[in-house]
1. Around A:VAL96, what is the net charge, scoring Lys/Arg as +1 and Asp/Glu as -1 over all other residues with Cβ under 15 Å from its Cβ?
2. Tell me, what are the semi-axes, in whole angstrom and largest first, of the equivalent ellipsoid of segment C:19-68 as set by the roots of 5 times the Cα gyration tensor eigenvalues?
3. Roughly how big is the protein assembly as shown's charge dipole about its Cα centre, with Cβ charges of +1 (Lys, Arg) and -1 (Asp, Glu), in debye to the nearest 20?
4. Picking from B:GLY138, B:GLY68, B:VAL29, whose Cα lies most toward the positive end of the charge dipole for chain B (charges on Cβ: Lys, Arg +1; Asp, Glu -1)?
5. When N counts the residues of segment B:37-101, how does its alpha-carbon radius of gyration compare numerically with 2.2 N^0.38 Å, as a ratio?
6. Could you tell me which of rounded, prolate or oblate describes the protein assembly as shown, using a ≥ b ≥ c as the square roots of the eigenvalues of the alpha-carbon gyration tensor, with rounded for a/c under 1.5 and, failing that, prolate when a/b is larger than b/c and oblate otherwise?
7. I need the inter-copy label distances for A:LYS131: point set 7 Å along Cα to C-beta, values in nm with one decimal, smallest first.
8. Any idea what the A:THR113 label distances to the other copies are, label 7 Å down the Cα→Cβ vector, nm, shortest first?
Amino acid sequence: MKKDYMSDASVVIHEPCNIYGKPLLRRNVSIGAFTEIGPKVEIGVGTRIQGGCFIPEGVTIGSDCFIGPHVCFTNVKHPMKDGKFTDSGNYDRTRVGADVVIGANATICPGVTLGDGCIIAAGAVVTKSVKAGQTVAGNPAQPMKEK
Amino acid sequence: MKKDYMSDASVVIHEPCNIYGKPLLRRNVSIGAFTEIGPKVEIGVGTRIQGGCFIPEGVTIGSDCFIGPHVCFTNVKHPMKDGKFTDSGNYDRTRVGADVVIGANATICPGVTLGDGCIIAAGAVVTKSVKAGQTVAGNPAQPMKEK
Amino acid sequence: MKKDYMSDASVVIHEPCNIYGKPLLRRNVSIGAFTEIGPKVEIGVGTRIQGGCFIPEGVTIGSDCFIGPHVCFTNVKHPMKDGKFTDSGNYDRTRVGADVVIGANATICPGVTLGDGCIIAAGAVVTKSVKAGQTVAGNPAQPMKEK
C-alpha cells in the first residue's frame, strides 16, 4: 500500500489504504480502510474519516469533522474537454469547514464549500456550497429541516 | 487483512476484505472483496454480499439475501453531538429480514428494518423501514410499483 | 490481489485492484486502486477508470472514456427469482460508447446503453439508456440542460 504523507504518531490509519503525494494529516486524524487520499489534501485536527472514502487533490477538510463511510469527493467538473483529459494540477478546490458531518456514501461535487458545522445527509449529492450550520439531503442536495 | 469472525468452512471470502471483532457469518455466506464487516454483525445462511460493501456494528442480515456491490450500511444517526463523537457501542440497530435484495450502491440509514423479501433498488437511500415484500427506489427511497 | 487479464505493457493498474477472468483491457487503459473488474469485460483504448469502481461481467466500455471514482456497474436486474440466485453467465449487457464521462459514485443499472459522448453526472442512478451527447443527472437520472 502507498503511504506517503506528513503527520505525527497520533494519526491512525486502517489498512489497506492508499495515501499519495504527501498530504497533510494533522494531529489525531483517523482514516478507515479502503480509502484513498491524494496529493496536497489537508485534513484538520481530530477529523475522522471512515472506510472506503475517496479524497483527491484539491480537497481541504477542517478540524473535528466526521466523514462517513464511502464518501466520495471529486476535483474536476469536466474531466474531458475537446476530447482531451484535464491535466493533473488544474483542479477545483473543495473546502470543508470545522465540525462538519458528511453522511455515508455522499458525493461532493468539485469546487464547493461546506460551511462550519453543516450536515450532509447520507447519500446526498452535493452540487453547490452549503452554509454553516445547514443540513442538506437528496440528489441534488437541498436544505432540509432538522427533525 | 483483518480476518476475525465466527463461522465454518462453507464461508467464502474474497480478498482483500476486513472483518473485525468476531461477527457471526452463518453457513454458505459469501463476501466480496473490498468489503468491511464490523463487530457483532450477524449474517444469515446463504446470504451473498458483493464487493465493496460496508456493514458496521449494529447490523443483522437474515438468510438468503443478496446484498449488491458497494452497499453501505450505517449505525449512527448523529455521529457528533455537542462537539463530541458518539461513543462506540451506542449504535442504532438495523435489521434486514430473509430473502431481501439490496441493489448496487444503496445506502441504508441507521435504525431501519427491511422486511422479508423486500427489494431495495440500486442507488436507493433508505431513510425509513421497508415492509415485507415492498420495492423501494430513489433518494429518499419511496415505494414503487414493480414493472 | 487477482490479476488475470489480457493487455499490453501500456496499461497502468494501481494496487490493490482485483481483475478476474481475463477481461480485455486495450492500449493505454488506466485503472484506479480498490477497483474490481470481472470476466469478459472489454475496456477501450485510452479509457481511464478511477479508484473504487465495480465493473462486472457483461459490461463493455468504449475508447477514451472517463469513469469517475466509485462508479458502480451492475449486470442483473433480478439477482433472485423464486428464492434462487440468478446463475452466473445469465447477465444483462451494458454498453458504454466512446468519449463517455461518468461522474463520481454514479450507479449504472444493468442492460443500458450509454451513447457516444454522453455525460453521466456525479451520483446519478442510470436506469435507462442515454442518447449520444446527452447529459443526465439525478436518481433516477433524467436529461438535464448543460449550464
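Just so it is clear, none of the values below were taken in a lab; they were calculated from the coordinates. What you see is a predicted model, and the numbers here were worked out from it, not measured in a lab. Note that we place each Cβ from the backbone using ideal geometry, even for glycine, and neighbour counts take in every protein chain shown.
1. Details: positive: A:ARG26, A:LYS40, A:ARG48, A:ARG93, A:ARG95, A:LYS128, A:LYS131; negative: A:GLU42, A:GLU57, A:ASP64, A:ASP92, A:ASP99, A:ASP116.
Spelling it out: positives minus negatives among the neighbours equals +1.
2. Working: eigenvalues 41, 33, 15 Å².
Calculated on Cα positions only, the semi-axes equal 14, 13, 9 Å.
3. That gives the protein assembly as shown a dipole magnitude of about 660 debye.
4. B:GLY138
5. That works out to 1.21 for segment B:37-101.
6. Rounded, since a/c falls under 1.5.
7. With the label placed 7 Å along Cα→Cβ, A:LYS131 yields 3.9, 3.9 nm.
8. Reported distances to equivalent positions: 4.6, 4.6 nm.
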